[in-house]
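Every read-out reported here was derived from the displayed coordinates using simple, explicitly stated rules and does not represent laboratory data. Everything numeric in this text was worked out from a predicted model, so none of it was measured. Don't worry about glycine lacking a Cβ; one is built from the backbone with ideal geometry, like all the others, and counts go over all protein chains shown.
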Amino acid sequence: MRFVTWNINSLRLRLALLLQVIDKLNPDVVCLQEIKCPTEAAPVEALVAGGFPHVLVEGMKGYNGVAILSRYPMTRIAGPNWCGRDDARHICARISVGGSDITVDNLYVPAGGDVPDPQANEKFAHKLQFLDEGVRYLSATSSSERRLLAGDLNIAPLETDVWSHRQLLDVVSHTPVEVAALARWQATRGWVDTTRQVLGSTDKLYSWWSYRAKDWDTSDRGRRLDHVWASPALAPAVTGAGILREARGWTGPSDHVPVWTDIAFDAPAPKASRRRTA
DNA sequence: ATGGTCGAATATCGA
């Protein structure tokens, strides 16, 4: 089972690139963030035609918005109203894979604005509150549940998750207060960062490069903002992980690239639904 | 220290 998370930065604009990602990675489940359209405007039929008969969308006009695409049947699970707002940052589904269930949380954490001070910057306060609610959310789960949490968490926790630890200490996404809050969240039930579990912590890994760089590839001033976490019950089943860096170099790219994690399931995947031609 | 570029919606705001 391959899970992909991608901040697509407009689903309608980048539908063709999404199909390219699907072609390249052949995922079973795709979590999208920043789809930037109302729920009813999401191109669901094109996604079904692209091999994902099961689509859940939580959208809104202009900003945010999340969606889950699945080759397997899934049912939506209601989540909390994060920070008392209805701003389409979370969608949850239980996916059934041949008698085995897995719950997937798709999250888009607030970016937090420019000033890393909750007193001076309401957006940063919102981000910190969202992270605290993340702790409360995972506290209500059991450590025996098979669960995955994926999304744009807008925090690069490790020194190797940013191009310069020293230069980003005061930059929202890598400040000690955010990194500590993310660590508390992840540790709540002993969740595991699957990307680092598979690839180790030594190498620099990024999933986002600013649009403002003259040459994103050469300057390579990236950050790893997109994550796939596994519950402690699921973490031993993780068999692979990766980041599709090349997608940043495609024509008309998102500023984020897809991040994927492979999970071993006891039940074999139904062959007929693996390919879009089926 | 500053400005650089995107997307949505159409002047700015959010990232």
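Working from the pairwise distances between different alpha carbons, so that the mean of 1/r is found and then inverted, what is the range A:23-76's Kirkwood radius in Å?
11.3 Å
Report, in degrees rounded to the nearest 10, the 0 to 90 angle that the Cα long axis of helix A:176-187 makes with the longest principal axis of chain A.
Helix A:176-187 sits roughly 30 degrees off the main axis of chain A.
Chymotrypsin sites (Phe, Trp or Tyr not before Pro) within the range A:50-120: which are DSSP loop residues with at most 14 other Cβ atoms inside 10 Å?
A:Tyr63
In degrees between 0 and 90, to the nearest 10, how far off the longest principal axis of chain A does helix A:122-139 point, with axes built from Cα atoms?
50 degrees
Sort all Cα-Cα distances of the range A:91-223 into consecutive 10 angstrom bins from zero, then give the percent of pairs in each bin up to the one containing the longest distance.
So the P(r) values, bin by bin, are 11, 38, 34, 14, 3, 0.
Of A:Thr251, A:Gly51, A:Pro38, which is farthest on the positive side of the dipole of chain A, counting Cα position, with +1 on Lys and Arg Cβ, -1 on Asp and Glu Cβ, and the Cα centre as origin?
The residue sitting farthest along the positive end of the dipole is A:Gly51.
Using a 10 Å cut-off around each Cβ, can you sort A:Asp255, A:Asp105 from fewest to most neighbouring Cβ atoms?
Lowest to highest Cβ neighbour count: A:Asp255, A:Asp105.
Using only helices, what value at 222 nm comes out for chain A when you add -39,500 (n - 2.57) per DSSP H run of length 4 or more and divide by the total residues, to the nearest 500 deg cm²/dmol?
-6000 deg cm²/dmol
Please list, by residue number, every one of the trypsin sites (Lys or Arg not before Pro) in the range A:178-244 that is coil in DSSP and has at most 10 other beta-carbon atoms within 10 Å.
Sparse-neighbourhood loop trypsin sites (Lys or Arg not before Pro): A:Arg212, A:Lys214.
In whole angstrom, how far apart do the alpha carbon centroids of the range A:89-122 and the range A:194-230 sit?
18 Å
Counting only C-alpha contacts under 8 Å and six or more residues apart, can you give the relative contact order of chain A as a whole percent?
Result for chain A is 20 percent.
Using Cβ counts within 10 Å as a stand-in for footprinting exposure, how do A:Cys83, A:Cys31 rank, fewest first?
A:Cys83, A:Cys31
By how many degrees, between 0 and 90 and to the nearest 10, does the Cα long axis of helix A:15-25 differ from the longest principal axis of chain A?
Approximately 80 degrees, to the nearest ten.
May I ask which residue of A:Pro27, A:Ala78, A:Ala235 lies farthest towards the positive end of the charge dipole of the range A:2-263, with charges of +1 (Lys, Arg) and -1 (Asp, Glu) on Cβ and the Cα centre as origin?
The listed residue farthest towards the positive side: A:Pro27.
Go through the range A:29-118 and name the trypsin sites (Lys or Arg not before Pro) that are in a DSSP coil and have 14 or fewer other Cβ atoms within 10 Å of their Cβ.
Those satisfying the criteria are A:Lys61, A:Arg85.
Please report, in debye to the nearest 20, how large the charge dipole of chain A is about its Cα centre when each Lys and Arg carries +1 at its beta carbon and each Asp and Glu carries -1 there.
560 debye
For a quick check: sort A:Arg136, A:Arg2, A:Arg166 by the number of other beta carbons within 10 angstrom, fewest at the front.
A:Arg166, A:Arg136, A:Arg2
Hey, could you pull the Cα Rg and Dmax for chain A, both in Å?
In Å, with Rg to one decimal and Dmax whole: 17.6, 55.
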